Amino acid sequence: MALVNDVYNALDELAPFSFQTSWDNSGILVGNKLNTVKKIMLTLDITYETALEADKINADLVVSHHPVIFSPLKKLDDHNPAVILSKHGINAICMHTNFDIASGGMNDILCRKLGLISERGEVLCDSENIGRICNLKIPSDVPSIAKSVKEALGCRVLKYTDTGKNVSRIGVCSGAGAEYFFDALQKGCQLLITGDIKHHDFIDAKIAGISLIDAGHFYTENIFYDLVKSFLLSKIPDLEIEISQKNADIVNII
């Protein structure tokens, strides 16, 4: 039987926790590194629902992308996911920006999912070492690319702005990466694919001459399970690993 620390060390090999940005909160956020682990649940977000699910399936550890504790807590109550996990003796390891940044991590998974090739692992933002730059062998128009992105990621809704330029070079950033559209411009991109784009970002980008595709924060990151599961099992074969059935896009659309 493994320890929480064994799982942490394996994940640290996959995506070193030292890579995380200064504002992030990745690592062992609930529990103790010496607690034993037999069963793991993987989820993008540790919500009230997924915390209850972890207890229901008798998971010893939840591994998530987004931190279960991010903003400072001013009170503890029974609906707080971290409290639920702690109450039931369930540990949590969260691998956020370290996994976004790591070679082979979230952004490389996203590129592969979209059928894009990031040659030599060229990054979108050098100062933060985040995102990827991909080149198309055959230039395409933005509406066609937007349609293929929606199909590849299973987005319920996708938003985009189109400068009318054909696209041969694309910036890719999982999660919320609208702030990097100037980096994409400087690297010769005609398009940036990311999530959580604000109204003024669409306007500013179009004025600057770059198209944007907003595929959603959830859909650009709800793609990491197979890699993490296979990697952990290659390091600790006797683990039991389940993917959350409660993890979902919680935004309703009509």
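The values are calculated or read from the model by the stated rules, or taken from the named source; none is laboratory data. Bear in mind the structure is a predicted one, so any value in this text is a computation, not a measurement. Every residue, glycine among them, receives a Cβ derived from its backbone with ideal geometry; neighbour counts consider all protein chains shown.
Every residue, every condition in (1) among the charged types (D, E, K, R); (2) assigned by TED's automatic domain parsing to the domain that holds Lys150; (3) free of Cβ contacts under 8 Å to residues at least 40 places away in the same chain, yes or no:
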| site | (1), (2), (3) |
| --- | --- |
| Gly195 | no, yes, yes |
| His200 | no, yes, yes |
| Gly209 | no, yes, no |
| Ile213 | no, yes, no |
| Leu232 | no, no, no |
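Within the set Ala51, Ala82, Ala59, the sole residue that is touching a helix residue (DSSP H, G or I) at 6+ places or on another chain (Cβ under 6 Å) and either within 30 Å of Ile138 (Cβ to Cβ) or of a type in the set (A, V, I, L, M) (or both) turns out to be Ala51.
Conditions tested, residue by residue: (1) within 30 Å of Ile243 (Cα to Cα); (2) in a strand (DSSP E or B); (3) of a type in the set (Val, Ile, Thr).
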position	(1), (2), (3)
Lys165	no, no, no
Phe181	no, no, no
Leu185	no, no, no
Leu192	yes, yes, no
Lys206	no, no, no
Thr220	yes, no, yes
Ile223	yes, no, yes
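Just a yes or no: is a residue in region 144-158 assigned by TED's automatic domain parsing to the domain that holds Phe202, buried (at least 16 other Cβ atoms within 10 Å of the Cβ), farther than 24 Å from Lys198 by Cβ and hydrophobic (A, V, I, L, M, F, W, C)? Within region 144-158, not a single residue is assigned by TED's automatic domain parsing to the domain that holds Phe202, buried (at least 16 other Cβ atoms within 10 Å of the Cβ), farther than 24 Å from Lys198 by Cβ and hydrophobic (A, V, I, L, M, F, W, C). The test for being touching a residue at least 60 places away in the same chain (Cβ under 8 Å) and not basic (Lys, Arg) does not hold for Glu179. There is at least one residue in region 34-56 that is part of a strand (DSSP E or B), at negative phi, out of contact with any Lys or Arg (no Cβ under 7 Å at 6 or more places or on another chain) and among the basic types (Lys, Arg). Annotation: of all residues in region 29-52 being surrounded by 19 or more Cβ atoms within 10 Å (Cβ to Cβ) and of a type in the set (Val, Ile, Thr), the one that is nearest to Val83 (Cα to Cα) is Val30.
Restricting attention to region 228-237, does a residue exist that is modelled with pLDDT of 95 or more, within 21 Å of Lys56 (Cα to Cα) and β-branched (Val, Ile, Thr)? No: zero hits.
Among the residues of region 1-28, just one is surrounded by fewer than 18 Cβ atoms within 10 Å (Cβ to Cβ), among the hydroxyl-bearing types (Ser, Thr, Tyr) and in a helix (DSSP H, G or I), namely Ser18. Within region 105-148, the residues that satisfy the criterion of being touching a helix residue (DSSP H, G or I) at 6+ places or on another chain (Cβ under 9 Å), aliphatic (A, V, I, L, M) and not in a loop (DSSP other than H, G, I, E, B) are Met106, Ile109, Leu110, Ile130, Ile133, Leu136. The sole residue among Gly188, Gly104, Gly195, Gly121 that is buried (at least 21 other Cβ atoms within 10 Å of the Cβ) and of a type outside the set (Val, Ile, Thr) is Gly195.
For Ile243, the stated conditions do not hold, so it cannot be described as surrounded by 16 or more Cβ atoms within 10 Å (Cβ to Cβ), under 23 Å from Gly104 (Cβ atoms), aliphatic (A, V, I, L, M) and modelled with pLDDT of 95 or more. Of the residues making up region 112-120, not a single one is basic (Lys, Arg) and outside the structural domain of Lys206 (by TED's automatic domain parsing). When Pro139 is tested against (1) out of contact with any strand residue (DSSP E or B) (no Cβ under 8 Å at 6 or more places or on another chain); (2) more than 19 Å from Leu42 (Cα to Cα), only condition (1) is not met. Quick one: would you say Asp162 is of a type in the set (Asp, Glu), in the same structural domain as Lys113 (by TED's automatic domain parsing), surrounded by 19 or more Cβ atoms within 10 Å (Cβ to Cβ) and at pLDDT 95 or above? So Asp162 does not fit the description; no.
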